[in-house]
Amino acid sequence: MMAFVTTAPGPVNGSTAQDLIDAQPAEIQKTLQERRVAVLPQAEPQNGGPRLIRSMVLFESSPDAVFALMLQTRRKPEYQPQIRSVERVSRGDRESVEIVRLRIAFKNIAYRLLRSWDPAAHRIEWRIDPAYDNDIRHLEGYWEFYPLPGEGTLGYTGSNVNIGPILPGFIQRSMSRRKVPQAMDRVRRWVDSGGTWRP
């Protein structure tokens with residue numbers, strides 16, 4: 001079994017959606033309420049770990065429904081146009097291997113992801129497969145889904161990506177600042193539509 005824990009830790013176990021929201025600065029909480037998506041301030045890396053880009057997303061469906069849709073990774077090109085394809089190499093009960101092909105800044109990029117998930121915890125993790133000849137240097141991340149009072153789900157996600165020499169670092173950072181909120185909003189719209197929304 002391929003199960004793993006990324007070096008990108010999620011929130012502390014036992015946290016509720018409200019705990020996670022309350023822990024954010026007032027301006028982040030306001031953005032989350034108004035736009036349904038908020039990119040969090042970057043935290044300093046711990047123990048030499050990666051600097052994560054973390055976001056929160058408010059979904060209208062239950063954690064089970066959101067989780068089920070988010071596991072349908074081959075459908076990512078439906079809502080993230082830069083992704084050309086997600087090819088499944090293998091899939092087990094709680095893990096998969098996938099080759100992702102995308103286009104960024106006029107460059108075609110391919111890499112292989114190792115993905116694992118825990119349905120009981122509503123957590124999905126991924127990391128780049130170091131045994132593959134990837135076009136990017138580093139990628140890892142996670143999604144966690146927390147029930148909101150009444151109906152709805154708080155999605156909490158973090159990721160770290162280093163495309164490498166294909167794109168200079170300052171371009172990567174600039175693209176991240178601009179693209180992450182848009183990408184998270186596309187995820188939200190697609191999930192809230194039951195997978196029917198298209199950009």
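The values are calculated or read from the model by the stated rules, or taken from the named source; none is laboratory data. As the structure is a computational prediction, the values presented were derived from the model and not from experiment. Backbone-built Cβ (ideal geometry, glycine too); neighbour counts: all protein chains shown.
Looking only at strands (runs of 3 or more DSSP E) that lie completely in region 45-145, which have at least 1 residues being β-branched (V, I, T) and within 30 Å of T16 (Cβ to Cβ)? Can you show your working first?
Numbers: elements: 53-59, 83-91, 95-104, 107-118, 123-128.
Those strands (runs of 3 or more DSSP E) span 53-59, 123-128.
A quick yes/no check of all residues on (1) under 13 Å from the mean Cα position of the chain (by Cα); (2) modelled with pLDDT of 90 or more:
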site	(1), (2)
D135	no, yes
L139	yes, yes
T157	yes, yes
N160	yes, no
G164	no, no
A183	yes, yes
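Name the pairs whose Cβ atoms lie under 9 Å apart, with the first residue in region 12-31 and on the phi > 0 side of the Ramachandran plot and at pLDDT below 95, the second among the acidic types (D, E) and surrounded by 13 or more Cβ atoms within 10 Å (Cβ to Cβ), and 6 or more positions between them or separate chains?
Short answer, once both residue conditions are applied: none.
Filter region 98-114 down to residues that are modelled with pLDDT of 95 or more and either farther than 20 Å from E78 by Cβ or buried (at least 19 other Cβ atoms within 10 Å of the Cβ) (or both), then give me how many there are. First the steps, then the outcome.
We begin by selecting, within region 98-114, every residue modelled with pLDDT of 95 or more; these are 98-101, 110-114.
Now drop any that are not either farther than 20 Å from E78 by Cβ or buried (at least 19 other Cβ atoms within 10 Å of the Cβ) (or both), which leaves 98, 100, 111-114.
Count: 6.
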